[in-house]
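Just so you know, all these numbers are worked out from the coordinates, no wet-lab data involved. Computed from a predicted model, the values in this text were never measured in an experiment. Reconstructed Cβ throughout: ideal geometry from the backbone, glycine too, with neighbour counts over all protein chains shown.
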Amino acid sequence: MVRFAVGIEYDGTAYAGWQSQSSAPSIQALTEHAFSSVANEPVTLVCAGRTDAGVHAREQVAHFDTNATRPLRGWLLGANSNLPRDISVAWITPVPMHFHARYSAETRTYRYFIFNRPVRSALVEKRATQIHKPLDHERMRAASGAFIGEHDFSAFRSSECQAKSTVRRLTRMSVEREGEWVAVEVTANAFLHHMVRNLVGVLMEIGRGDQPVEWARRVLESRDRTQGGVTAPAEGLYMWSVDYPAAFGLPAGVGSVMIAPPFGARV
């Protein structure tokens, strides 16, 4: 038995999310089918973090076990030949059996893209959230500081969240603007269901001037989801990267060029 770690990128527009479902197409089901075809035996994938319907991934990380023996190039090209054009395996590497895509991860990073101009763009539809009212990214950046550190993020989880603990450690959150693009990037040890989209939803209301900067801290301290703003749309969210201990030797920075310039060019 051999364990492999894989990096997967996808446009989540057409899918019900990562997790396999009986009633709708999913990233997991299609990717498992692709690797099973190469292995000529059933393959089960365990991912670093489940993404919701419509959410994209620059680098989702997963692992699987197999008895099949194939060259790495064979795994990579074989899986991709069995996947639709909006899902791709970027890399594959053998890992120790104690590696776990979810539990071995030290941090996870998400990026949220907002296209901010008075009229909509046909080119970024389903790839970014479009906000027509001007956003003050400096107000958003100032508000984001309230979220840094270890907190109870109960006010930012969905009603469907099944996490036993609502405490998370957020190590970094940035808000940057270049031209018509605003990008919010957040890194934490783990996230609650809808946590990133709910954080961004609060920042967008502050950026539009609908709420003061101090509102972000008040929502956080309330620990009450009903005190928060709207959940930001799924299409703006990208699972950006997952960090693991260096001892596992996973590829770094292998993700594809982003579709949303100018931020992608910096990575």
Practice task
Order by neighbour count: D65, D52, fewest other Cβ atoms within 10 Å first, most last.
Solution key: D65, D52
Fill in the blank from the handout: Neighbours of S165 by Cβ distance under 14 Å: Lys/Arg at +1, Asp/Glu at -1, summed charge +3
Problem - Positive minus negative residues near R218 (Lys, Arg vs Asp, Glu; Cβ under 13 Å) - result: -2
Exercise for the section: Sort S144, S22, S104, S81 so that the residue with the fewest other Cβ atoms within 10 Å of its own Cβ comes first and the one with the most comes last. Expected result: S22, S81, S104, S144
Handout entry: Neighbour-count ranking [beta-carbon atoms within 10 angstrom, fewest first] of H56, H194
Key = H194, H56
Problem - Positive minus negative residues near L83 (Lys, Arg vs Asp, Glu; Cβ under 15 Å) - result: -3
Problem - Prolate/oblate/rounded call for segment 107-239, Cα gyration tensor, a/c under 1.5 rounded - result: prolate
Handout entry: Whole-Å semi-axes of the ellipsoid equivalent to the chain (Cα gyration tensor, √5λ, descending)
Key = 33, 20, 16
